[in-house]
Amino acid sequence: MIVLGVLLIAVAICLVFHNAEEDYNAGKSSEIILEQVKNSIDERSKGGHSTPASVELPDEQGSITAETDTDFETDVVTETEPSTNQTPAVEIDGDLYIGYIALPTIGITLPVMADWSNEKLMSAPCRHFGSLESNDLVIAGHNYTRHFGKLDRLQLGDSIIFTDMNGVCVAFKVEKIETVPGDDVAAVQQSGFDLVLYTCNYTGKSRIMVFCNRADKE
């Protein structure tokens, strides 16, 4: 029993260090990408590059369901309307980015990928579906401390700023924060809010959801 206890403690310590390393690597990766995204925006504002191409973003992104604190699985959700989302995007290191998001009250600024996969979520938050243009943008992120792990620290009325690849800034205000079951697809896709941010909680069974509307919305 003593040997078993020691082994379990050793495994737990290894897991803690593994998660900490993964969190650190994710933070460093997003920092590097964020700098590239900002540089791309700055260069375009100075006329150094052409305006980023407007790409059609797919609506059928599926539902991201957290099974653990770092793993996402998908349940396919079929959209009834064809995709009409057109948004500026720029390719960086083989991935498309639609801009970056700033959460000033919790000190987080992160790049946002145009689409998602398990691998992409380990580098940066990803657009799940929707767009700024259609006022239904949903962004998913891992609960890494340096990604979306502090979403539950946001307060009603907090400001969130999204900057697209044309350098256009859109201000949002937090209207509602909820924890919902991981399989509650409607909470994500049919919220009626202009912007939704979400991540899994530390049990991996629920989602922390932050619902926002444009700050200038009456």
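Fully extending the segment from Thr145 to Glu43 would add 33.7 nm, taking 0.36 nm per residue of separation and subtracting the current Cα-Cα distance. In this structure, Cys169 and Glu119 have a Cβ-Cβ separation that, at R0 = 25 Å, corresponds to a calculated FRET efficiency of about 0.30.
What the stretch 121-182 shows is 35 Å² of accessible area per residue, with the surface traced by a 1.4 Å probe over protein heavy atoms.
Applied to the stretch 122-131, the Karplus parametrisation 6.51 cos²θ - 1.76 cosθ + 1.60 on θ = phi - 60° returns per-residue 3J(HN,Hα) values of 6, 9, 6, x, 10, 5, 7, 6, x, 7 Hz, with x for Gly and Pro.
Ligands, DNA and RNA left out, the 1.4 Å accessible surface of the stretch 134-173 is 45% carbon and sulfur atoms.
The values are calculated or read from the model by the stated rules, or taken from the named source; none is laboratory data. Please read all numbers here as calculations on a predicted model, not as lab measurements. Cβ atoms come from the backbone with ideal geometry, glycine included; neighbour counts cover every protein chain shown. Ligands, DNA and RNA are excluded from the accessible area calculation, which covers all protein heavy atoms including side chains. Shrake-Rupley method; radii C 1.70, N 1.55, O 1.52, S 1.80 Å.
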